[in-house]
Amino acid sequence: MSSIQGQAAVITGGTRGIGRALSLAFLEAGASVHSTYQGNEDAAMKTRELAGAHAERLYLSRCDVCDPASVEAFWKGLEERGVNVQILVSNAGIRRDQLLALQKLEDWDAVLDTNLRGSFLMAKHAVPFMLRARYGRIVFVTSPAARHGFAGQASYGASKAGQMGLMRALAREVGRKKITVNCVAPGFIETELIGDLPEELKKEYLAMVPAARFGKPEEVAWAVRMLCDPAASYIHGTTLEVTGGL
């Protein structure tokens, strides 16, 4: 892959799980990384610690991706500091699993707000930066749940399918400006997101994966990093699955 050294990357939910792996991968590749998190200070400090010698290029910001005012303040801060953002990875996401008939409205709203509304708000503010530069890379971290449909994940699957629709529409809007827009859909990855699943359900999910193992956050980070490379200029409007063949 060619270099993204010196570029500025914004990564939402960038201090835990896949997001942390993304932040570290982009730092390793020479980018300055602006990682957002909602409120877990311990996870943020741990990410800075793991960044090691690259920590001087890691900028951590509390930002609620669901809140228009919080998102606007984050991007305004970047603009005021003269940061030219070339890369957005919209990774922040939550699950509130429950059978549809039993799902609370507030849980449905929380999932759709974080996963889909958050992706929309971050992209809305990122696009003007990229249009001015006539260059950019946007990646939404989605899920094969949008395609497969898993029991108890109606809200999660709907939010992730929405991300794919958002990606496809945005790809048509900005493609002529040398801005690529794609999704990466991780399968079952060894993070906190699946850590709370019952053991029997984990075994059931594992049996579905032809690769016979769960993935690692670093494997997802590699795929996202590839799509954000300058050389990936003709990969546009598509979803790359990192699922072990699910």
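Take every DSSP beta bridge whose two residues both sit in the chain, then give the antiparallel share in percent to the nearest 5. Once the DSSP bridges in the chain are tallied, antiparallel ones form about 0 percent. Farthest toward the positive end of the dipole of the chain, out of VAL111, PHE26, PRO186, is the Cα of PHE26, where the dipole comes from beta carbon charges about the Cα centre.
A 1.4 Å probe run over the protein chains yields, for the chain, 48 Å² of accessible area per residue, whole-number rounding. Loop-located chymotrypsin sites (Phe, Trp or Tyr not before Pro) in the stretch 205-238 (DSSP state other than H, G, I, E, B) with a sparse environment of at most 10 neighbouring Cβ atoms within 10 Å: TYR234. Across all Cα atoms of the stretch 8-65, the radius of gyration (one decimal) and Dmax (whole number) stand at 9.7, 28 Å. Comparing mean-square fluctuations of GLN86, GLN38, GLN103 from a GNM of the chain with C-alpha springs under 10 Å, the top value falls on GLN103. How high is the FRET efficiency between ASP109 and ALA55 when r is their beta carbon distance and R₀ equals 41 Å, given to the nearest 0.05? Given R0 = 41 Å and the Cβ-Cβ separation, E is 0.70. From largest to smallest, the equivalent ellipsoid semi-axes obtained for the stretch 153-246 from the alpha-carbon gyration tensor read 29, 16, 10 Å. Largest mean-square fluctuation among ASN115, ASN91, ASN40, in a Gaussian network model of the chain whose springs join Cα atoms under 10 Å apart, belongs to ASN40.
Set the Förster distance to 51 Å, then compute FRET efficiency between ASN84 and ASP196 from the Cβ-Cβ distance, nearest 0.05. Efficiency computed from Cβ-Cβ geometry: 0.85.
Within the full protein context, the accessible area of LYS178 is estimated at about 140 Å² for a probe radius of 1.4 Å. Relative contact order, whole percent, for the stretch 1-139 stands at 25, derived from Cα pairs under 8 Å and 6 or more residues apart. Listed by chain and number, the aspartates and glutamates whose C-alpha is less than 15 Å from the C-alpha of LYS76, apart from same-chain residues fewer than 8 away, are ASP64, ASP67. Placing a label point 7 Å from the Cα of LEU102 along the Cα-to-Cβ direction, the residues of the stretch 186-218 with a backbone N closer than 14 Å are 198. Centre-to-centre, using Cα atoms only, the stretch 4-75 and the stretch 154-221 are separated by 19 Å. Projected label points at LYS76 and TYR234, each 7 Å from Cα along the beta carbon direction, are separated by 4.3 nanometres.
Which entries in LYS104/LYS177; LYS104/LYS202; LYS124/LYS202; LYS104/LYS124; LYS46/LYS178; LYS104/LYS178 show an alpha-carbon gap greater than 32 Å? Over 32 Å Cα-Cα: LYS104/LYS177; LYS124/LYS202; LYS46/LYS178; LYS104/LYS178. For the chain, the longest principal axis of the alpha carbon atoms and the long axis of helix 118-133 meet at an angle near 30°. Can you find, among GLN86, LEU102, SER70, the residue farthest towards the positive end of the dipole of the chain? Put +1 on the C-beta of Lys and Arg, -1 on that of Asp and Glu. Result: GLN86, furthest along the dipole toward the positive end. For the options SER70, SER23, SER32, a Gaussian network treatment of the chain with springs between C-alpha atoms closer than 10 Å singles out SER70 as fluctuating the most.
Angle of helix 217-227 to the longest C-alpha principal axis of the chain, folded into 0 to 90 degrees and rounded to 10: 50°.
Ligands, DNA and RNA left out, the accessible area of the stretch 127-236 computed with a 1.4 Å probe is 57% carbon and sulfur. The magnitude of the dipole of the chain, with charges of +1 and -1 set on the Cβ of Lys/Arg and Asp/Glu and taken from the Cα centre, is near 980 debye. With a Förster radius of 30 Å applied to the beta-carbon distance between VAL209 and LYS178, the computed FRET efficiency rounds to 0.25.
The values are calculated or read from the model by the stated rules, or taken from the named source; none is laboratory data. This structure is a prediction, so every number in the text was calculated from the model and none was measured. Glycine also receives a Cβ, built like all others from the backbone with ideal geometry; neighbour counts cover every protein chain displayed. Surface accessibility is based on the protein's heavy atoms, side chains included, excluding ligands, DNA and RNA. Shrake-Rupley method; radii C 1.70, N 1.55, O 1.52, S 1.80 Å.
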